[in-house]
Amino acid sequence: MEICGATILDEYAEAFPVWISRVIVTGKREWAFRAAVAMTGFATSRIGCPCEAGIEREMRPAETPDRRAGFSVLICGEKKQMKQHVSSRVSQCVLPVPTVSAFDGMPDAADRFYTRMHYFGDGYEERCTVGGRSCWKIPVMQGEYVGEERFGTIKGIAGGNFLVMGKNQPSALTAATVGASVLKDFPGIITSFPGGVVASGSKVGAKNYRFPMPASTNHRLCPALIGRIPDSKVPHGVASVYEIVINGTDEQVVKGAMKKGIEAAAKTGRAMYIGASNFGGKLGQYRLSIRDLFL
């Protein structure tokens, strides 16, 4: 199968369950954006980060609880840790930011938790209502912080992905960048790595070092190792490979994002092959075939 000259390999992305919360960050647009960016810091991969997070999309004032500019942020992790992930990022990356508030983006979720943000008010906090939601008004130096402290969480999917392979680094990176950029504001998903593009794909485990390594370089996808290893998966003529990793609220939205990204990358004319990364069933229960996306 080919799309715009790019060969679609018969491979699948191996994804796994994850819990997701959505935080709506509102305020003056430039400050809401700064807070949303700060919330997603050090959250590319749970291999080494406490969680995975990214900006889902920009929201119109008519969509937010307080009718101000806003951004929705998705935070992904294990269910038992979601309270800590959301609480720490709201308290440290939203509360201190001028003009900004945080609201629950999953008010209908069956599973919910409290962040106890109001305790920062040291007894001077007051309950209030914003857009029909129960909130807290906390006195701070700029005036008052207003926001929710109860958030929902749902079961989603992490690890959807596709690989962009090119004859050289500029070609592959151009195609991968376009493939990732079209997913900006795609509802229900995030690409948690900077710019949405991964240069150092990983595999589960590593050699038997004197210290534990949960992951290491995916050597089978490293062009520099062609001829040095017997099981390379890099096609002939490929000198550079990039990965776009997608987390989403359900399987269908992840598949939709994969398809859109693949089409965009292929249409650049710079991708030789489009593949996917998997771990032979060692990591996740979902098998997202990239060829099936186009049937």
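General observations
- If the segment from ASP111 to ARG67 were pulled out straight at 0.36 nm per residue, it would be longer than the present Cα-Cα gap by 13.3 nm.
- The range 146-252: C-alpha gyration tensor shape, a/c 1.5 cut-off, then a/b vs b/c: oblate
- For the range 19-154: rounded, prolate or oblate by the Cα gyration tensor [a/c cutoff 1.5]: rounded
- For the chain: rounded, prolate or oblate by the Cα gyration tensor [a/c cutoff 1.5]: prolate
- In summary, the aspartates and glutamates within cross-link reach of LYS80, defined as a Cα separation below 16 angstrom excluding same-chain residues under 8 places away, comprise GLU52, ASP111.
- Taking trypsin sites (Lys or Arg not before Pro) as exposed when DSSP calls them loop and at most 10 other C-beta atoms lie within 10 angstrom, the chain has its longest site-free stretch at 1-206.
- Gain on full stretching of the segment that runs from ARG210 to SER181 - 0.36 nm per residue minus C-alpha separation: 6.4 nm
- Cβ-based net charge around GLY121, under 15 Å, with every Lys or Arg adding one and every Asp or Glu removing one: -3
- Cα lying deepest toward the dipole's positive end in the range 19-154, options ALA69, ALA109, CYS51, charges on Cβ: CYS51
- Straight Cα distances below 18 angstrom link LYS207 to the lysines LYS282, with same-chain residues fewer than 8 positions distant left out.
- Potential lengthening between LEU295 and ASN168 on full extension [0.36 nm per residue; Cα-Cα distance subtracted]: 42.7 nm
- Relative contact order %, the chain, counting alpha carbon pairs below 8 Å whose residues are six or more apart: 27 percent
- Between ILE226 and GLU78, the FRET efficiency from the beta-carbon distance, with R0 = 41 Å, is close to 0.65.
- Straight Cα distances below 18 angstrom link LYS83 to the lysines LYS155, with same-chain residues fewer than 8 positions distant left out.
- Centre separation in Å (Cα based) which lies between the range 176-214 and the range 221-244: 17 Å
- Note on ASP122 and THR7: the model spin-label points, each 7 Å out from Cα along the C-beta direction, lie 6.7 nm apart.
- Free of any chymotrypsin sites (Phe, Trp or Tyr not before Pro) that DSSP assigns to a loop and that have at most 13 other C-beta atoms within 10 Å, the longest stretch within the chain is 210-295.
- When MET59, MET213, MET258 are arranged by Cβ crowding within 10 Å, least crowded first, meaning fewest neighbours, the order is MET213, MET59, MET258.
- Modelled label positions at ARG133 and PHE42, each set 7 Å beyond Cα in the direction of Cβ, lie 2.7 nm from each other.
- Alpha-carbon centroids, the range 115-167 and the range 256-295: separation in whole Å: 33 Å
- Cβ crowding within 10 Å, taken as a proxy for footprinting-reagent exposure, orders VAL73, VAL238 from fewest neighbours to most as VAL238, VAL73.
Read the figures in this text as sums done on the coordinates, not as results from a lab. Just so we're clear, the structure is a prediction, and the values are computed from it rather than from any experiment. Note: ideal-geometry Cβ built from the backbone for every residue, glycine included; neighbour counts use all protein chains shown.
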